[in-house]
Amino acid sequence: MMFHTKTISIFIATIAATCNNYHASGFTPTTISTRQQTTTSLNIATSLPNVADILNLGGGSNNNNNNNNNIEKEPESKALIDLDGIALSGLKGKALTLTTEDFPDSGTVRKVIPADCFEPETAKSLGYLSVSVVGTALCTAFGFAALPILDPANILTLPFWTAYSVVTGTVAMGLWVLAHECGHGAFSKDKKLQDAVGYVLHSLFLVPYYSWQRSHAVHHRYTNHMELGETHVPDDENADDNLYDSIELRKTFLDKFGDEKGIELWGSFQAFLHLIIGWPAYLLIGATGGPDRGMTNHYFPNPLTQPKQPKKELFPGNWKEKVYQSDIGVAFVAAGALTWAACNGIPEMMAMYGGPLIVVNAWLVLYTW
């Protein structure tokens, strides 16, 4: 498969920009390893430094310093990110000097994608659905067969049921991927079939279908928008009203445990928050969403706090009714899980349903974050 050079450059620049945003928002460690400490200082208004200087060519450090004095300044360019202090590698910073003009518009991108990629194939989608349903059903059947032998209420069986949850949740992840495609309208041209499949699958994962369909479309519409981004928005250290201010909390970890130990503990804490708490927190309070929509909830259509931009609320107009329609499916599954726990005990319900669900949620966050 052939890749255009500009495509590769855009990809690398995106990764670099993401890393830079995380650094600004308190997610990046304050210390870096020795092999990464050689950085090149570049201003956003300047172009690349001399390549020979970057590669350490032409003699020792003294010669390089002398050569720097004789280097003629490159013409100014409007790079999209501040390159100050970034450790260069690979393409030596070439991909980091992209400007707005270097990015193709949506029409140009669509032209290079084969037309058949925009045509949903119902038969193929149903085939994928069958594979995931059968795989998940086989795992579940195995779990039920193990219940009489390995009682989940016995703490000694925890390793087995943890492993079961990891395997079953990973297999069931295929169902979530298909649910995601239903929300995008990529499952089938038959909208009734598509919505029926999407509604059932989302409900099984306790995610309201139409609510997520709307919020996910908004997420794509405002990707990388610091105020209206629907998710994955880093904290703004200059904002006075951060709903989820991790910057000060991170500083507390470093002050209390030191830079090295503190950043390790902070990373572990963040991993737990993101992989275990993150997805439910996103559904319930719009965690990691931009500040201008206020606090949002996927089960209740009105903002939980006063939005800065009321006209940009997450569920306007007819979407409010659709949110409530979505709640019916979620309520039915939740009631089933609670009944299961009441009749057979919380350990059994968690072993067979709750554990795999947590793994599905963790995978979802892991591969999107």
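Values quoted throughout were computed directly from the atomic coordinates according to the rules given, and no laboratory measurement underlies them. For clarity, every value in this text was computed on a predicted model and none was experimentally measured. Note that each Cβ is placed from the backbone with ideal geometry, even for glycine, and that neighbours are counted across all protein chains shown.
If we count other beta carbons within 10 Å of each Cβ, what is the order of Leu364, Leu265, fewest first?
The order, fewest Cβ neighbours first, is Leu265, Leu364.
Given points 7 Å out from each Cα along the Cα-Cβ axis, report the Ala341 to Lys191 separation in nanometres with one decimal.
Each label point lies 7 Å from its Cα, and together they span 3.8 nm.
Among the lysines, which fall within straight-line cross-link reach of Lys322, defined as a Cα-Cα distance under 25 Å, with same-chain neighbours fewer than 8 residues apart omitted?
Leaving aside lysines fewer than 8 places away in the same chain, those within reach of Lys322 are Lys189, Lys191, Lys192, Lys308, Lys311, Lys312.
Cα centroid distance between the range 157-229 and the range 93-150, in Å?
Cα centroid to Cα centroid, the span is 11 Å.
Taking a point 7 angstrom from the Cα of Ala217 along the C-beta vector, which residues in the range 167-192 have backbone N less than 15 Å away?
Hits in the range 167-192 for Ala217 at 15 Å: 181-187, 191-192.
Taking 0.36 nm per residue of sequence separation and subtracting the Cα-Cα distance, how much length would be gained by fully extending the chain between Glu248 and Lys312, in nm to one decimal?
20.2 nm
With each pseudo-label sitting 7 Å past Cα toward Cβ, what's the Leu156-Met226 distance in nm, one decimal?
The modelled label-to-label distance comes out at 5.8 nm.
What's the extension gain from Ala145 to Ser89 if we count 0.36 nm per residue and subtract their Cα-Cα distance?
Net length gain for the segment: 14.8 nm.
Tell me which residues come under 5 Å, amide H to amide H, from Thr296 once H is placed; ignore anything under 5 positions away on its chain.
Counting only residues 5 or more places away or on other chains, the set is Gly286, Leu304.
Neighbour counts of other C-beta atoms within 10 Å: give me Ile328, Ile149, Ile285 arranged from fewest to most.
Sorted ascending by nearby Cβ count, the order is Ile149, Ile328, Ile285.
Show me the ranking of peptides 250-260, 102-112, 226-236 by mean Cβ neighbours inside 10 Å, starting with the highest.
226-236, 250-260, 102-112
Return the lysines within reach of Lys92: Cα separation strictly under 26 angstrom, same-chain partners fewer than 8 residues apart disregarded; answer none if there are no such residues.
Cα-Cα hits under 26 Å: Lys6, Lys73, Lys78.
Around Lys311, with a cut-off of 12 angstrom between Cβ atoms, what is the net charge of the other residues, counting Lys and Arg +1 and Asp and Glu -1?
+1
Sticking with the crude label model, points 7 Å out along Cα→Cβ, report the distance from Thr368 to Ser130 in nm, one decimal please.
It works out to 2.9 nm between the two label points.
Treat the count of other C-beta atoms within 10 Å as a stand-in for reagent exposure and order Leu201, Leu126, Leu178, Leu156 from fewest to most.
Leu156, Leu126, Leu178, Leu201
Using 0.36 nm times the number of residues separating Phe300 and Glu121, minus their current alpha carbon distance, what extension gain do you get?
61.1 nm
Check Ile86: other-chain or 5+ apart residues with amide H under 5 Å from its amide H, H built from backbone geometry?
Amide H to amide H, under 5 Å and 5 or more residues apart or across chains, Ile86 pairs with Thr40, Leu42.
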